[in-house]
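Visitor: Questions regarding the structure given below will be posed in turn.
The values are calculated or read from the model by the stated rules, or taken from the named source; none is laboratory data. Worth saying up front: this structure is predicted, and the values here are computed from it rather than measured. Ideal geometry is used to build each Cβ from the backbone, glycine not excepted, and the neighbour counts take in all protein chains shown. With ligands, DNA and RNA removed, areas are computed over all heavy atoms of the protein, side chains included. Shrake-Rupley method; radii C 1.70, N 1.55, O 1.52, S 1.80 Å.
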Amino acid sequence: TRRDLVRVYGGNIWMDPGEPEVQDHSMRVIADIVARYDIDGIHADDYFYPYQINDNAGRLVPFPDDGSYSRFSGGLARDDWRRANIDRFVERMYREVHAVKPTIKVGLSPFGIWRPGFPPGVTGLDAYSTIYADSRKWIQQGWVDYLAPQLYWAINSTGQSFPALLDWWIAQNPMSRHIWPGLASYRVNDGSASAFSMQEIPNQINLVRARPQSSGHILYNTTWTLKRNGGALASILAQDTYVRPALVPAMPWLDAKPPAAPALSVSGSSLSITPAQGEPARWWTVRLKTAAGWTTRILFGTDLSVSIDGATERALVQAVDRAGNASAAAEWRRQ
């Protein structure tokens, strides 16, 4: 519908980030999603300017933005102007999404290397100068609620050490946002010479969990995690790494006030949850105790009853709001 705003590059068409109308249109779409749908977050992947391609003779094909550059650059060098375009959009997305719904989570998953040599010894694509993504700036400025750098390399990789990159990203976080590295589950037994073993992802998760400043991780991708290799990776994770359920970590910079605790009652084999007045619960954490010990469940805020049996001695329930704040625990004990 707006052929004037898109550029052909390789086998794709791209909306030109240098066109102000492209940024306006993209933000209208994002704001519409946030306003009309009951979502928890907005996530952007690592596509800003396109990854560069070469022609048949091996020559770099420039992105065709001469027109927008001449009209809107204001005299900036082209590389600096392109980075400024992406910076402007990232900051705007963060600000305008929260203007619609203050507790929506906004995050990005940039290429896992900011620049070669950061940290020392790291080699690879220079995302700063080739796709114009100054991702370190975004986390330093607090323009995300979480950053998920794509750390798609093995622990023992020499030029792209997973733990070295993880520690470097953690150190770039003066605003104490969440760092949730992206892990390459798609590389597990993928048939390539550099395929991950089945234990690589659990080992990476353990490394993340050993660092208090990194409060989670994201697996890429769902299909490979759940279905490939007969679902073997999912089975391994379920047996050990993911035995206990977990909440999304709280984001107190969005909202630091916890909700009020619910009221509990039991009738027969049903534990009923009565929400308190005020801020509604997005989730409930339900802990049940029997002679065998405690179990934990996480329920959506619309779920107001829990099945229990005669062996249940005690229940603790907390309301959790959209920013991840947990209430005091409501308690029920069998008399």
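Visitor: Do you know which residues across the stretch 156-177 are among the aliphatic types (A, V, I, L, M), over 14 Å from F118 (Cα atoms) and open to solvent by less than 40 Å² (accessible area, probe 1.4 Å)?
Guide: none
Visitor: A follow-up question, please. Residues being part of a strand (DSSP E or B) and either open to solvent by 70 Å² or more (accessible area, probe 1.4 Å) or small (G, A, S) (or both): count how many of those fall in the stretch 12-47.
Guide: Number of matching residues: 6.
Visitor: Within the stretch 277-335, which residues are closer than 25 Å to G41 by Cα, without any contact (Cβ under 8 Å) to a residue 24 or more places away in the chain, part of a strand (DSSP E or B) and open to solvent by 60 Å² or more (accessible area, probe 1.4 Å)?
Guide: If the condition is that a residue be closer than 25 Å to G41 by Cα, without any contact (Cβ under 8 Å) to a residue 24 or more places away in the chain, part of a strand (DSSP E or B) and open to solvent by 60 Å² or more (accessible area, probe 1.4 Å), then F300 is the only one that fits.
Visitor: Could you please let me know if D145 is of a type in the set (D, E, K, R), surrounded by 22 or more Cβ atoms within 10 Å (Cβ to Cβ) and modelled with pLDDT of 95 or more?
Guide: The answer is yes for D145.
Visitor: Another question, if that's okay. Quick one: is V248 open to solvent by less than 70 Å² (accessible area, probe 1.4 Å) and closer than 22 Å to G310 by Cβ?
Guide: On the way: open to solvent by less than 70 Å² (accessible area, probe 1.4 Å): yes; closer than 22 Å to G310 by Cβ: no.
So V248 fails the test.
Visitor: Further question on the same structure: Take the residues in the stretch 130-151 that are touching a Lys or Arg at 6+ places or on another chain (Cβ under 8 Å) and hydroxyl-bearing (S, T, Y); name whichever of them is farthest from Y47 (Cα to Cα).
Guide: Y146
Visitor: Filter the stretch 115-133 down to residues that are under 21 Å from A84 (Cβ atoms) and open to solvent by 20 Å² or more (accessible area, probe 1.4 Å), then give me how many there are.
Guide: Total satisfying the criteria: 7.
Per-residue answers, yes or no, for (1) within 31 Å of the chain's Cα centre (by Cα); (2) over 21 Å from W180 (Cβ atoms); (3) of a type in the set (D, E, K, R):
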| site | (1), (2), (3) |
| --- | --- |
| L60 | no, yes, no |
| G75 | no, yes, no |
| W81 | yes, yes, no |
| Y94 | yes, no, no |
| L108 | yes, no, no |
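Visitor: Would you call M175 in contact (Cβ under 8 Å) with a residue 60 or more places away in the chain and either assigned to a loop (DSSP other than H, G, I, E, B) or acidic (D, E) (or both)?
Guide: yes
Visitor: Suppose we filter the stretch 178-237 for residues that are within 25 Å of R136 (Cα to Cα), small (G, A, S), open to solvent by 40 Å² or more (accessible area, probe 1.4 Å) and not in a loop (DSSP other than H, G, I, E, B); how many remain?
Guide: Final tally of qualifying residues: 0.
Visitor: Moving on. Within the stretch 48-100, take every residue that is outside any loop (DSSP other than H, G, I, E, B), among the small types (G, A, S) and under 28 Å from Q150 (Cβ atoms) and give me the one that is most open to solvent (accessible area, probe 1.4 Å).
Guide: Keep residues of the stretch 48-100 that are outside any loop (DSSP other than H, G, I, E, B), which gives 53-54, 60-61, 66-72, 78-100.
Next, only the ones that are among the small types (G, A, S) stay: 67-68, 70, 84, 99.
Now narrow it down to the ones that are under 28 Å from Q150 (Cβ atoms): 68, 84.
Details: S68: 1, A84: 29 Å².
The qualifying residue most open to solvent (accessible area, probe 1.4 Å) is A84.
Visitor: Across the stretch 101-139, what is the number of residues that are assigned to a loop (DSSP other than H, G, I, E, B) and out of contact with any Phe, Trp or Tyr (no Cβ under 7 Å at 6 or more places or on another chain)?
Guide: Residues flagged as assigned to a loop (DSSP other than H, G, I, E, B) and out of contact with any Phe, Trp or Tyr (no Cβ under 7 Å at 6 or more places or on another chain) within the stretch 101-139 amount to 15.
Visitor: Search the stretch 12-33 for residues that are touching a residue at least 12 places away in the same chain (Cβ under 8 Å) and pair each with any residue that is polar (S, T, N, Q) when their beta-carbon atoms are under 8 Å apart and the residues are at least 6 apart or on different chains.
Guide: D16/S68; P17/Q23; P17/N85; G18/S68; G18/S73; G18/N85; E19/S68; Q23/N85
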